[in-house]
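The values are calculated or read from the model by the stated rules, or taken from the named source; none is laboratory data. These figures come from a predicted structure and were not determined experimentally. Here the Cβ positions follow ideal geometry from the backbone for every residue, glycine too, while neighbour counts run over all protein chains shown.
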Amino acid sequence: MPPFRSFDEFYSLYMESHQKLWNRRIHLLGWSIAAGIVVWALITRHFVILGLAPAVGLLAIWLGHRWVEPTDEIEFKHPILTARANLRMFAHMLSGKLPF
């Protein structure tokens, strides 16, 4: 049986480890920089730097949970669900449903 019955169940647990404002800000900044790297690599056709994008995103997550909000690192145990949860969290932040 999967560890979570639904994505909403996972997201609730995910948000428990993202209560601190600065942790969410670090996540958003890291993912924004990673997205910028992808766009820049595609525009300039420097595809070699595409490998930096996930490294920057993961570094931001690690920094946020290392120094701002230590957790059991649910993010690293479930990377696909975490990516979806990050996108939902960012959408909530940018729409004003969640402070940042």
Test: residue in the stretch 35-50 that is at pLDDT 90 or above and charged (D, E, K, R): yes
Filter result for R88 (assigned to a helix (DSSP H, G or I), basic (K, R) and closer than 24 Å to D8 by Cβ): yes
Residues located in the stretch 55-89, provided they are touching a residue at least 60 places away in the same chain (Cβ under 8 Å) and farther than 23 Å from G36 by Cβ: I74, H78, L81
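Looking at the structure I just gave you, is F76 under 11 Å from the mean Cα position of the chain (by Cα), assigned to a helix (DSSP H, G or I) and under 12 Å from R25 (Cβ atoms)?
Values: under 11 Å from the mean Cα position of the chain (by Cα): yes; assigned to a helix (DSSP H, G or I): yes; under 12 Å from R25 (Cβ atoms): no.
Against the criterion (under 11 Å from the mean Cα position of the chain (by Cα), assigned to a helix (DSSP H, G or I) and under 12 Å from R25 (Cβ atoms)), F76 does not qualify.
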Residue count for the stretch 18-48, restricted to those that are more than 12 Å from the chain's Cα centre (by Cα) and surrounded by fewer than 19 Cβ atoms within 10 Å (Cβ to Cβ): 16
Enumeration of residues in the stretch 67-98 that are exposed (fewer than 12 other Cβ atoms within 10 Å of the Cβ) and of a type in the set (D, E, K, R): D72, K77, K97
Filtered residue count, the stretch 1-45, keeping only those that are in contact (Cβ under 8 Å) with a residue 60 or more places away in the chain and either touching a Gly at 6+ places or on another chain (Cβ under 6 Å) or within 17 Å of A83 (Cβ to Cβ) (or both): 12
Residues (in contact (Cβ under 8 Å) with a residue 12 or more places away in the chain and either out of contact with any helix residue (DSSP H, G or I) (no Cβ under 7 Å at 6 or more places or on another chain) or farther than 24 Å from S6 by Cα (or both)) located in the stretch 90-100: P99, F100
